[in-house]
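The values are calculated or read from the model by the stated rules, or taken from the named source; none is laboratory data. A quick note: this is a predicted structure, and the numbers were derived from the prediction, not measured. Here the Cβ is made from the backbone with ideal geometry for all residues, glycine too, and neighbour counts use every protein chain on show.
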Amino acid sequence: MNSNKMFFLFILFFSTLISISSNSWFGCWIGLEINLLSFIPLISHSTNLFSTEASLKYFLTQSIASINFIFSILMKMTLMKNFEMNNFISIMINSSLLMKMGSVPFHFWFPNISEGLSWFNNFLLMTWQKITPMILLSYYLNKNFIIIIMTLNTIIGAIGGLNQSSLRKLMTFSSINNLGWMLASILISENLWMFYLIMYSFLISIMCFFFQLLNMFFINQLFISNINYSIKMFLLINFLSLGGLPPFIGFFPKWILINFLLSMDFFIITFIFIMTSLIILFFYIRIIYSSFLFNYINLKWMKIFLKNKNLIFINFLSFLSITGMILSTLIFL
Amino acid sequence: MKKFSICFISFFFLFFMSMVNFMMMIYFIMNNMVIFLEWEVITLNSVSVVMSILLDWMSLLFMMFVLLISSVVIYYSKSYMSSELNLNRFIILVLLFVFSMILLIISPNIVSILLGWDGLGLVSYCLVIYYQNFKSYNAGMLTALSNRVGDVFILMVISWMLNYGSWNYIFYLMFMKNDYEMYMISSLIIIAAMTKSAQIPFSSWLPAAMAAPTPVSALVHSSTLVTAGVYLLIRFNLLLIDMLFLKILLLLSGLTMFMAGISANYEFDLKKIIALSTLSQLGLMMSILSMGMPDLAFFHLLTHAMFKALLFMCAGVIIHMMNDTQDIRLMGGISNYIPMTSLCMNISNLALCGIPFLAGFYSKDLILEMVSLSNLNLLIYYIYYLSTGLTMFYTIRLIMYLMVNDYNLMSIYNLYDEDYTMLKSMMVLLFMSVISGSMLSWMIFLNPYMIYLPLNMKMMVVYVSLLGGFIGYFVSNMMIYSMNKFLMTYNISSFLCLMWFMPSLSTYGLNYYFLKLGQNLLKYIDLGWSELYSGQGMYYILKNYSIFYNFYQVNNFKIYLFSFVMWMMILYYFMLMKF
């Protein structure tokens, strides 16, 4: 990573801070624009056609969302008093923010763009880029609209990922599913959302690092390359953790969120959430099962050697992901 | 080392124990003594779990017989199973069998009876499948499952007896006699005993269990497994008097006796004939027991144990010499070649028929005379005497086939009668089957039964025996052509020779419906509806949704942006309508 990219990464982080800490909608918008303009140099690569295409698509979608965002906040400023609520204005603002974060009815750009990005940029797109729109969403929230949206998010995330053979698209759809959970958590409280986001970022970072190291982009690469058996095992367990299987830490945020949702009487929505995360778990397991069990023809020249330093780092993260929830009970000793 | 084989050691040990038991029995019966040992293992609330041992003349005498027969059988199997690779396992199994039988004999406690009872069932399964072929597997499974029914009833008895606070049934026989629960318990006990003693609905396993090695048959079908049910009912007999179920038992056991007698006449397998005669004698014991004379049943049980074990051992010798052929049509004239074995065979056969002054005479004649003397209906009377005639019938037929008719197996043969290991063990039982009837009748009956009958009724046994003997003689000389005439009465003769269709009923008759039900459940539930509504159906629906969704996902990028803008326009329009 050259110094150029470090610079833009720095601006990316600070643009988010600008927009979430500003006290006017306009300041928020400025932050969003800086964010867009700093992310595009990060993803575009002059020699790679796919990343250029992705950056172009990203720019188009984000700018249209920004146009609509500034249009609706100006509308709000001119037509309404300061703390007045209006359903349609709030839906307009929410829609443009949902477009920015890639939530369901406006998510169609999201898998397409992720297909052209590297794993690290995907990681940024799935985690850090969610922060600004979500915080802004929580400022002016239309509850009924968001409830519908989050349910749709979980369903589409589950169903869309079912047929994918590209790992990046698959992770994108799983991120859409998790976006539903995050929207549900931001309905309840900001702290809960922060907890969920941190946990999710942690889990998805492990997966992205894994795939980055192994250079995996498609499912069949898992079958044909000679990966170490223990790495496959780590992959399996981290997938289970990401899907939210109980003994692992991925279950922990979902558990708390389920608890809160039930106490707020969202029974049917909780049911849909849990069932769709079962589907997610199903296609995770399907990937890993076949890579364990299938006896593919091994390409002997495709041996993957991992550097020792990276392995120790990944082992540490995986250890946290596997035993985190069990270890966290030690706090109460 | 050959001298100290496991057979030899076990023989000495068991024989010694048998003699000790014999001496103790004489001491006990002279002094009219009973020893009752009780060790309390644990007490939960008011239920005490105790291990108790009852030693009286009855259990000691029965133990003496079991140990004597088992010692002799083990000595016999030293030669009979001499080329067996796992002889040690075989002997250990037999010893385990004897051990469980003794546990059953000495315990007055229904829990420890269950231990012995289950041990008998398990070890008998292991012994029946000893030869490890499909026939013996099937026979073993039939045996084990039939006995399992009895185990279940004993378990139910245990749970009923929890009401009384202890499982020592011996204390409650008199005391709780009129209790309703005790009535239930005794009914359950009767059914359990019927399974173990192979009475009519459960009798198909007994001939099937002939798949076991012959020494095992000699042990199992003379004194141990099949008599366990009779012994249990003898112990429980105080409860059983004047029960309705006992009258049903009388009918069923009488029919068992009759059915087994007829089926034995149709049978050509040497061991199966003997097994069916065992079944017939068991029916006799059960029926005299259910008429309220447990002493006579016990007496017949003991004498029958002796000569039936001898009969099986002789059959084993003959099968050995016939190159493992069991079909009696291929045997014949063996009295010319193996006189000692033929002697034993004849004596045990005649004792079975009740020829005077052999073992069977004392018990059987006494039973029949007591039957004539007692107050009972005509059907039962006919069944008793017809079965006695049938016993003579199949015995004479068997003797004619084996001893007199022509040898039919192969033109080159070598029979020899100098296997002294087998002969010596048979001699012990020969001695016992000559003297045990008189010895026991002098020993265990304190005062002789008073018999007072008209001449023709008294001579009725002789009439039916002579008649049966003559028919047996004629049947054994029947030509092949005449045998074909059985085809004219095909239905009735297959009914009679297949034990009244009982083996088919208790295997295919039961299996079929459950297998059919299982197949239907598998077809319609497991592979049908539940698959459609859970696994495959869910997968199918989700897959279709996913395909449907991909139709929207793979689209022109312009359309996404345009639809978003349209959505915002619509919202804007609605918002303006508001203001």
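Observations
- Any hit, region B:16-38, residues being touching a Ser or Thr at 6+ places or on another chain (Cβ under 6 Å) and either without any contact (Cβ under 8 Å) to a residue 24 or more places away in the chain or assigned to a strand (DSSP E or B) (or both): yes
- Test: residue in region A:49-72 that is polar (S, T, N, Q), under 18 Å from the mean Cα position of the chain (by Cα), within 13 Å of chain B (Cβ to nearest Cβ) and closer than 30 Å to residue A:207 by Cα: yes
- Of the set (1) touching a helix residue (DSSP H, G or I) at 6+ places or on another chain (Cβ under 9 Å); (2) modelled with pLDDT of 90 or more; (3) within 14 Å of another protein chain (Cβ to nearest Cβ), all apply to residue B:522 but (3).
- Condition met for residue B:84 (surrounded by 14 or more Cβ atoms within 10 Å (Cβ to Cβ) and without any contact (Cβ under 8 Å) to a residue 40 or more places away in the chain): yes
- Checking every residue in region A:137-144 against the condition of being more than 12 Å from the chain's Cα centre (by Cα) and closer than 16 Å to residue A:208 by Cβ gives zero matches.
- Residues of region B:471-489 that are without any contact (Cβ under 8 Å) to a residue 24 or more places away in the chain, in a helix (DSSP H, G or I) and not small (Gly, Ala, Ser): B:474, B:480, B:481, B:483, B:484, B:485, B:486, B:487, B:488, B:489.
- Set B:564, B:557, B:548: member being within 22 Å of residue A:107 (Cβ to Cβ), in contact with a Lys or Arg (Cβ under 9 Å, 6 or more places away or on another chain) and within 11 Å of chain A (Cβ to nearest Cβ): B:557
- Scope region A:236-271; condition touching a residue at least 24 places away in the same chain (Cβ under 8 Å) and either at positive phi or within 14 Å of chain B (Cβ to nearest Cβ) (or both); matching residues: A:244
- So residue A:76, is it within 14 Å of chain B (Cβ to nearest Cβ), of a type in the set (D, E, K, R), out of contact with any strand residue (DSSP E or B) (no Cβ under 8 Å at 6 or more places or on another chain) and without any contact (Cβ under 8 Å) to a residue 12 or more places away in the chain: no
- Scanning region B:165-174 finds one or more residues that are under 25 Å from residue B:223 (Cβ atoms), surrounded by fewer than 21 Cβ atoms within 10 Å (Cβ to Cβ) and either free of Cβ contacts under 8 Å to residues at least 12 places away in the same chain or not charged (D, E, K, R) (or both).
- Residue B:104 at pLDDT below 95 and either part of a strand (DSSP E or B) or charged (D, E, K, R) (or both): no
- Selection over region A:209-235 of residues that are of a type in the set (A, V, I, L, M) and either on the phi > 0 side of the Ramachandran plot or under 21 Å from the mean Cα position of the chain (by Cα) (or both) gives a count of 5.
- Taking region A:87-102 as the range and being in contact (Cβ under 8 Å) with a residue 60 or more places away in the chain and either within 12 Å of chain B (Cβ to nearest Cβ) or in contact with a Phe, Trp or Tyr (Cβ under 8 Å, 6 or more places away or on another chain) (or both) as the test, the residues that pass are A:100, A:102.
- Matching residues in region B:323-337 - criterion: being assigned to a helix (DSSP H, G or I) and hydroxyl-bearing (Ser, Thr, Tyr): B:335
- Residue check, residue B:513 more than 14 Å from chain A (Cβ to nearest Cβ), surrounded by fewer than 11 Cβ atoms within 10 Å (Cβ to Cβ) and either closer than 30 Å to residue A:63 by Cα or not β-branched (Val, Ile, Thr) (or both): yes
- Taking (1) part of a helix (DSSP H, G or I); (2) more than 24 Å from residue B:54 (Cα to Cα); (3) at pLDDT below 90 in turn, residue B:163 satisfies each apart from (2).
- Of the criteria (1) under 30 Å from residue B:318 (Cα atoms); (2) exposed (fewer than 14 other Cβ atoms within 10 Å of the Cβ), which one residue B:442 fails: (1)
- Subset of region A:218-237 [within 21 Å of residue A:112 (Cβ to Cβ), surrounded by 16 or more Cβ atoms within 10 Å (Cβ to Cβ) and not β-branched (Val, Ile, Thr)]: A:221
- Test result for residue A:330, surrounded by 16 or more Cβ atoms within 10 Å (Cβ to Cβ) and at pLDDT 80 or above: no
- Of all residues in region B:217-271 being surrounded by fewer than 24 Cβ atoms within 10 Å (Cβ to Cβ) and of a type in the set (S, T, N, Q), the one that is nearest to residue B:207 (Cα to Cα): B:265
- Flag for residue B:428 being within 28 Å of residue B:265 (Cβ to Cβ) and either part of a helix (DSSP H, G or I) or modelled with pLDDT of 90 or more (or both): no
- Test: residue B:492 is more than 11 Å from chain A (Cβ to nearest Cβ), out of contact with any strand residue (DSSP E or B) (no Cβ under 9 Å at 6 or more places or on another chain) and either surrounded by 10 or more Cβ atoms within 10 Å (Cβ to Cβ) or not in a helix (DSSP H, G or I) (or both): yes
- The one condition in (1) part of a loop (DSSP other than H, G, I, E, B); (2) in contact (Cβ under 8 Å) with a residue 12 or more places away in the chain that residue B:412 fails to fulfil: (2)
- Across region B:39-64, the number of residues qualifying as outside any strand (DSSP E or B) and modelled with pLDDT of 90 or more comes to 9.
- Restricting region B:537-557 to residues that are surrounded by fewer than 12 Cβ atoms within 10 Å (Cβ to Cβ) and at pLDDT 90 or above leaves a set whose member that is farthest from residue A:63 (Cα to Cα) is B:540.
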